[in-house]
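Have a look at the structure below, then the notes.
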Amino acid sequence: MARVVVFFLLISHLIIRVAFHLPSIISDLILFNLIAFGAAVIAYKSPRSNDSLARITISSAIFIWALSSSFSTWNSFYDLHISEYLIDFGYIAFYPLMFLGVIRALAVTKKITALELLDTAIIALGVSSVIASLLLRPATLHFSGSSYEVFLAILYPVGDLVLVAASLSLIVLQHRTLRSLILFVGICAFAITDLYFLLISATTGYEFAALSDDGWLLGLALIANSLWHHGGESEVSDRYLNNWATTIALIFSSAILGYGAIRANYFPFFILLLAFITITLAFLRMALALRDARAVAEDREHARTDELTGLPNRRRFITELELLRRKVGTLLLLDLDGFKGVNDLYGHEIGDQLLKQITTRFNRVLPDTALIARLGGDEFGVIIYGSPDTGADVALALRATCTYPFTLSVGEVRVGVSIGSVTTQGPTTTKEVLLKRADAAMYEAKRSGLGYVQSEITRP
């Protein structure tokens with residue numbers, strides 16, 4: 001109901017503006033601001049299926065804008081001496097609130113990541129700095145007034161450019177729906193009105209209660225109405241396109257800063273500020289990307305590491321085994337003798353202590369190029385690159401580490417190790433066959449009491 005009323009009032013206001021050119025209290029104080037507040041109500045009363053942050057920030061942005069508009073018109077009609085700084089603050093606060101709301105509104109079903117938020121900001125600010133340098137700089141050359149007035153007149157269209165670029169980048173990089181279309185058209189209507197206001201202010205001068213002012217109302221009404229349309233299923237953003245867009249934005253922003261350094265006072269401060277913020281956010285994005293990459297690498301490493309011993313686990317070992325079968329080297333499978341008795345007698349905690357000490361001893365005698373992994377329980381695997389003699393020497397060294405007792409919290413215990421070995425000489429059979437042969441050799445070493453059995457050499 002509120003949506004219908006607001007658009008009916010907007011059409012009525014346009015008709016009144018066309019029919020009566022002079023400002024009036026009914027049309028420009030009551031009706032104009034009533035429409036703006038109505039748009040805020042439409043946004044706030046939108047379906048609860050919407051992202052709550054989008055609904056609150058967009059409705060708050062429109063409400064604050066409407067409040068500033070009311071104060072401004074009251075000043076125009078009744079000269080209430082309401083602070084212009086307070087009014088300007090409301091108009092300025094509209095942009096960061098709307099920026100956050102737009103991002104959340106276009107990503108309703110998907111939590112937007114920090115990187116995606118930064119990408120959107122970088123693209124939006126980068127594009128805005130370029131457009132501002134091309135369109136707004138010439139306007140500033142003909143704009144009269146105090147520095148503060150010039151700053152405000154430029155700030156509004158710059159904020160609009162950021163909103164336009166942000167919404168467009170999200171639409172391109174994620175998804176296109178009826179909601180995103182209506183939202184984009186509303187932002188464009190609002191932005192065009194601000195740009196026209198800047199043009200008029202810089203040339204003939206702005207006249208209160210102009211017909212063009214309805215462009216602001218139309219933009220706000222469309223933005224609020226967009227929340228009543230389903231956002232659709234969010235798609236995974238195109239990372240390749242995303243990276244290219246952010247890179248281009250960074251290049252242009254750097255070019256603007258560089259040219260501004262060469263030609264002092266060529267670009268107004270606000271354009272250089274946009275470019276500077278873009279580059280700053282790009283460095284922040286780089287830091288976050290490196291942090292995330294490091295976290296992914298750590299997670300991947302944890303998924304391939306045994307928690308107790310810190311050794312690579314079976315997954316990592318099998319991957320390395322695929323490389324071994326194509327090269328010259330040795331596969332050793334180790335099974336501890338007497339470990340089950342220690343574990344059963346003293347418990348798993350003592351068994352874990354023993355495994356840690358055994359791991360330390362094994363690592364001391366292994367060459368730097370060797371890989372040792374805990375395959376599960378009291379079973380270990382070792383991959384050694386080089387001649388068969390090297391593999392045999394390592395196997396004997398590993399057995400030697402278990403010839404003297406281990407000192408645990410319950411006292412000294414003794415365990416041995418049985419080792420099965422299989423060697424490769426270049427591209428050979430599958431890793432499954434290598435494991436099977438090494439496993440058979442290990443059980444033969446344990447059954448026979450020899451401690452170490454070497455399988456026949458596999459050949460290409």
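The values are calculated or read from the model by the stated rules, or taken from the named source; none is laboratory data. Not measured: the values here are computed from a predicted model. Quick reminder, even Gly has a Cβ in these numbers, built from the backbone with ideal geometry, and neighbours come from all protein chains shown.
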**OP:** Output yes when any residue across the range 357-379 is in the same structural domain as Asp439 (by TED's automatic domain parsing), surrounded by fewer than 18 Cβ atoms within 10 Å (Cβ to Cβ), assigned to a helix (DSSP H, G or I) and over 46 Å from the mean Cα position of the chain (by Cα), and no when none is.
**Re:** no
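Yes/no per residue for (1) within 42 Å of the chain's Cα centre (by Cα); (2) modelled with pLDDT under 85; (3) not assigned by TED's automatic domain parsing to the domain that holds Asp213:
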| site | (1), (2), (3) |
| --- | --- |
| Val6 | yes, no, no |
| Ile15 | no, no, no |
| Ile42 | yes, no, no |
| Asp51 | yes, yes, no |
| Ala54 | yes, no, no |
Original post:
Conditions: (1) of a type in the set (Val, Ile, Thr); (2) out of contact with any helix residue (DSSP H, G or I) (no Cβ under 6 Å at 6 or more places or on another chain); (3) over 25 Å from Gly338 (Cβ atoms); (4) crowded, with 19+ Cβ neighbours inside 10 Å. Thr390 meets all but one. Number of the miss?
Top reply: (4)
**OP:** Could you tell me whether Thr360 is of a type in the set (Val, Ile, Thr) and without any contact (Cβ under 8 Å) to a residue 12 or more places away in the chain?
**Re:** yes
**OP:** Take the range 196-212 and flag every residue that is touching a residue at least 60 places away in the same chain (Cβ under 8 Å) and touching a helix residue (DSSP H, G or I) at 6+ places or on another chain (Cβ under 7 Å).
**Re:** Leu198, Leu199, Ala202, Phe208, Ala209, Leu211
Original post:
What residue, of Val417, Val413, Val422, is touching a Cys at 6+ places or on another chain (Cβ under 8 Å) and crowded, with 18+ Cβ neighbours inside 10 Å?
Top reply: Val417
